[in-house]
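Each remark here refers to the structure printed beneath this line.
The values are calculated or read from the model by the stated rules, or taken from the named source; none is laboratory data. Since the structure is predicted, the reported quantities are computational estimates derived from the model, not experimental observations. When we count neighbours, we look across all protein chains shown, and the Cβ atoms used for this are built from the backbone with ideal geometry, even at glycine.
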Amino acid sequence: MAVREILKMGDPRLLRVAQPVREFDTPELHALVADMFDTLRAVDGAGLAAPQIGVDLQLVIFGFTHNPRYPGREAVPQTVLLNPVITPLADELVEGWEGCLSVPGLRGLVPRHPRVRYAGQDLQGRPIEREVGGFHAVVVQHECDHLIGRLYPTRMTDLTKLGYTEVLFPELAGVDDD
Ligand code: NI
């Protein structure tokens, strides 16, 4: 298993619409997910999408119990989600601060649906369906955006609310500059 390089904003591979996963429970898929968790843990991320390591598949992982990049946020269950479909459960949008491993050192205020249903498959191809709110809902919307070539700055409505983590959140200096 290995820590993989995370692509940064500007790389055209982050702008693709990812291909669906059609074969489940293969050794290649298990190895990919193991690498993704190694990579996520190495940088204390909340989630990672396959396109962020240059793999053109609809596959995201997320979850943590305590995250130094997002102190005070509630835990999110560790999840491997393939071919996800997100359905908003309310019309309203709520703004919250987000960062992204592909946009290192920055945070932005991003509008998201506060409650969503998401569906997809796990690594074995078994169906997953959940209704979630709070930070869990934010994380899944952020990660699934990577599968349609969207990085969080493209969801922002006020770019004056984009800034350096060390300036906006000095208490996070050193944890968000990789
Ligand atoms: Ni991201």
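Of the numbered conditions (1) within 13 Å of the chain's Cα centre (by Cα); (2) at pLDDT 95 or above; (3) of a type in the set (Phe, Trp, Tyr), residue 64 satisfies every one except a single condition; which is it?
Here residue 64 clears every test but (2).
Would you mention how many residues in region 109-150 are in a loop (DSSP other than H, G, I, E, B) and either farther than 18 Å from residue 95 by Cβ or of a type in the set (S, T, N, Q) (or both)?
6
If the Cβ limit is 7 Å and pairs must be 6+ apart or interchain, which residue in region 125-148 that is away from the ligand (no atom under 16 Å from the Cβ) pairs with which residue that is assigned to a helix (DSSP H, G or I)?
Sorted first by the residue in region 125-148, then by its partner, the pairs are 132/140.
Give me a count of the residues in region 33-46 that are farther than 11 Å from residue 80 by Cα, part of a helix (DSSP H, G or I) and either within 16 Å of the ligand (Cβ to nearest atom) or more than 16 Å from the chain's Cα centre (by Cα) (or both).
4
Scan region 160-167 and tell me whether some residue there is without any contact (Cβ under 8 Å) to a residue 24 or more places away in the chain and within 11 Å of the ligand (Cβ to nearest atom).
Checked against the condition, which is being without any contact (Cβ under 8 Å) to a residue 24 or more places away in the chain and within 11 Å of the ligand (Cβ to nearest atom), region 160-167 yields no hits at all.
Between a first residue in region 1-14 that is in contact (Cβ under 8 Å) with a residue 12 or more places away in the chain and a second residue that is among the charged types (D, E, K, R) and surrounded by 16 or more Cβ atoms within 10 Å (Cβ to Cβ), which pairs have beta carbons less than 7 Å apart while being 6 or more apart in sequence or on different chains?
1/35; 2/35; 4/35
Evaluate region 67-78: report whether one residue or more is aliphatic (A, V, I, L, M) and part of a helix (DSSP H, G or I).
Scanning region 67-78, I find no residue that is aliphatic (A, V, I, L, M) and part of a helix (DSSP H, G or I), so the answer is no.
Among the residues of region 47-104, write down those that are among the charged types (D, E, K, R) and within 14 Å of the ligand (Cβ to nearest atom).
69, 98 - these are the residues of region 47-104 that are among the charged types (D, E, K, R) and within 14 Å of the ligand (Cβ to nearest atom).
State all residues of region 97-108 that are closer than 15 Å to residue 134 by Cα and buried (at least 19 other Cβ atoms within 10 Å of the Cβ); if no residue qualifies, say none.
Passing the criteria: only 98.
Of everything in region 151-178, what is at pLDDT 95 or above, part of a loop (DSSP other than H, G, I, E, B) and in contact with a Pro (Cβ under 7 Å, 6 or more places away or on another chain)? Give them in sequence order.
Scanning region 151-178 gives a single hit, 157.
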